Structure formats: structure tokens, C-alpha cells
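Have a look at the structure below before the remarks.
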Amino acid sequence: NDITTHKAAQQQIQELAYYDPLTHLANRRLFDETLHDILCECSDEKHFSALLFIDLDRFKELNDTYGHDAGDMLLIQVASRLKEGIRESDLVARLGGDEFIVLLPGLKHPEDAQKIAEKLLNSFNEPFLTDESELFISASVGISIYPDDGDDVATLIKNADIAMYHSKLKGRNRVERYSHDLNSQTSARILLGQELRRALERGQVSLLYQPKVRLRDHTLAGAEALLHWNHPLLGGISHERLIHLAEENGMIIQIGDWMLERACQQDRKSTRLN
């Protein structure tokens, strides 16, 4: 019997199960299984393996501005550059959205992962071409090393993700290596973000005003409203840190509305007194 159709169907099922349909990279399932096998094989070897967690910077803005078709073309080209920049023994996968992850097995030194990550980052310097325009995009990269930063699939991916997140906090378009300090900082930041929500509800935050002065005659031109939180244990927390927290935990719109309403109330009260 002719089994061509049957074999083609089997191949299609295999591709759907283990590969991303857009970029044709490995998907999360194939990556996890491959990493698990690599960890089992290298448990007795004196080599290192590394994970690079790669997240595109401000991809949503580009996707919203130029459309999903342009966004898909960008993701396909990113996948191609990542594949071109790694060794034959390495594996690159798309986790979903604009998140990619690279497995680097059999490294002689942990520092080799940093060099490869910077090489991949530099490959983004050239523009990405769509049907209508050239797009420029950068990426934030987090690194975790086996066995230093974890000895199982879930821990290594989580720690690489934490390192990537700190890369974004430090300005994006950079590489960050995981450390235990980052984990502690992440836990503390999440807790502080939760406390900020309660502090707003309890009226524990306030506005401070920074005057804006005209240089030509040194007269008052206005004032900038800054958010201030006098934390019961940490003391005063700056406006910049609070805005970062609000962006992370999804409170930025709520915070902005509260600041505008409070500033208007105080301005009206001041006008009546004068």
C-alpha cells in the first residue's frame, strides 16, 4: 500500500507537537525534553550548560504600530538570526510571544555563555526588514548556568527569566547573569509591589511638588507632582522607584489617575485659600 499520505500526516503531527508554527523553532515542549536529556547526560561531566532567556524590548509597541503581519515578519527574522549565531550543538526555541530561549550545552567555562549572548545581542544591530519599512529592535538577555544556578529544567528557566527581568530594569539591550541576590531582590520587589496597592487604599502615599523655575528671571513657572511613600520600615521611597513598581504590578493607570485627582483637589483647595 502507498503510505505516503500516512507518513506526511505523522510528520505534520510531529511538527505541531514540537515546533513553533510561525518561526519553525523548537517549542517549549521540545526544549524542556531536550534540556532534561542534556542534564541527565552531563551530570557526571566537568562541563557547563547555559540557558539564555531572550525577550525583545518594546516589541508590543512595534506590533501595535506596524501591525501583526510586520510583527510576525520581525519574529521570523529574529529566529533566523538566533539560529545563525549559535553552534550546531545548541538549541534555540520560541517560548511564545516575543520570548526566546537558547540552550548552550557542553561549555568549558561559564564565561563562554556571556560571549555568545553578547554575540547574539550584537546581531540585532542591523535593521529588520518588513514589506514597508526597516525596524530596529533590541533584546534583554538573562543567563543561568548548570549546575551553578540550578540542576533541573524548571529552576534553570526560572532563574534565567529572573536575570532577563533585571536586564530590563537596568535599561534593556544588555546581558545579565543570574545570582542569588537577584532572586532575593525579585522577591522583595514583588512584596513591595503588593504593599504599594494596600498603601494607596489606606492613604499612606502623598504628593510632593518639585518647582519649575524660569531661567531668564528665576520666577516660578509651575511644579511637577511626584509620588511619595513613607514606608513604615523602609522610610521614604522615591517617585522613580514607585513608578517602576506601579508599571510592574499593573497599577500605573490607577496611580496616574490618583495623582491627577489629588493634584487637582490640592490646587482647588489652594486657590480657595488664596
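The values are calculated or read from the model by the stated rules, or taken from the named source; none is laboratory data. Keep in mind the model is a prediction, meaning the values are calculated, not measured. Quick reminder, even Gly has a Cβ in these numbers, built from the backbone with ideal geometry, and neighbours come from all protein chains shown. Heavy atoms of the whole protein, side chains included, go into the accessibility calculation; ligands, DNA and RNA do not. Shrake-Rupley method; radii C 1.70, N 1.55, O 1.52, S 1.80 Å.
Restricting attention to segment 184-217, the residues that are within 12 Å of M251 (Cβ to Cβ) and among the charged types (D, E, K, R) add up to 4. For segment 245-274, a tally of residues being among the small types (G, A, S) and exposed (fewer than 12 other Cβ atoms within 10 Å of the Cβ) returns 2. Identify the residue in segment 235-244 that is without any contact (Cβ under 8 Å) to a residue 60 or more places away in the chain and under 27 Å from the mean Cα position of the chain (by Cα) and, among all such residues, is surrounded by the fewest Cβ atoms within 10 Å (Cβ to Cβ). So, considering only residues that are without any contact (Cβ under 8 Å) to a residue 60 or more places away in the chain and under 27 Å from the mean Cα position of the chain (by Cα), the one surrounded by the fewest Cβ atoms within 10 Å (Cβ to Cβ) is E240.
Restricting attention to segment 148-174, which residues are in contact with an Asp or Glu (Cβ under 8 Å, 6 or more places away or on another chain) and more than 16 Å from L103 (Cβ to Cβ)? Answer for segment 148-174, where residues must be in contact with an Asp or Glu (Cβ under 8 Å, 6 or more places away or on another chain) and more than 16 Å from L103 (Cβ to Cβ): H166, S167, K168, K170, R172, N173. Tell me, please, whether a residue that is out of contact with any Cys (no Cβ under 9 Å at 6 or more places or on another chain), of a type in the set (A, V, I, L, M) and not in a helix (DSSP H, G or I) can be found in segment 159-178. Yes, that holds for at least one residue. Of the residues making up segment 175-194, those that are at pLDDT 80 or above and crowded, with 17+ Cβ neighbours inside 10 Å are V175, E176, R177, Y178. Picking from residues in segment 87-101 that are buried (at least 17 other Cβ atoms within 10 Å of the Cβ) and under 18 Å from D37 (Cβ atoms), the one that is nearest to the chain's Cα centre (by Cα) is I101.
Considering every residue within segment 162-171, establish whether at least one is modelled with pLDDT of 90 or more, open to solvent by 20 Å² or more (accessible area, probe 1.4 Å) and in contact with a strand residue (DSSP E or B) (Cβ under 8 Å, 6 or more places away or on another chain). No - not one qualifying residue is present in segment 162-171.
Identify the residue in segment 198-217 that is modelled with pLDDT under 90 and open to solvent by 90 Å² or more (accessible area, probe 1.4 Å) and, among all such residues, is nearest to D161 (Cα to Cα). Step by step, filter segment 198-217, then rank; the result is R198.
Tell me, which residue of segment 228-274 that is within 23 Å of S187 (Cβ to Cβ) and assigned to a strand (DSSP E or B) is modelled with the lowest pLDDT? Per the criteria, the residue is G235. Contact map, segment 91-105: residues that are within 18 Å of D57 (Cα to Cα) paired with residues that are crowded, with 24+ Cβ neighbours inside 10 Å and basic (K, R), Cβ distance under 9 Å, separation 6+ or inter-chain. Pairs shown: F100/R94; I101/R94. Residue selection: L129 satisfies the criterion of being hydrophobic (A, V, I, L, M, F, W, C), open to solvent by 80 Å² or more (accessible area, probe 1.4 Å), more than 30 Å from E41 (Cβ to Cβ) and more than 17 Å from the chain's Cα centre (by Cα).
Among the residues of segment 58-73, are any in contact with a helix residue (DSSP H, G or I) (Cβ under 6 Å, 6 or more places away or on another chain) and either within 25 Å of S179 (Cα to Cα) or of a type in the set (D, E) (or both)? No, because not a single residue in segment 58-73 is in contact with a helix residue (DSSP H, G or I) (Cβ under 6 Å, 6 or more places away or on another chain) and either within 25 Å of S179 (Cα to Cα) or of a type in the set (D, E) (or both).
Cβ-Cβ below 6 Å, separation at least six or inter-chain, first residue in segment 141-153 and at negative phi, second in a loop (DSSP other than H, G, I, E, B) and of a type outside the set (S, T, N, Q): which pairs? Once the first residue is at negative phi and sits in segment 141-153, its partners that are in a loop (DSSP other than H, G, I, E, B) and of a type outside the set (S, T, N, Q) give S144/Y178; I145/P110; D149/Y178.
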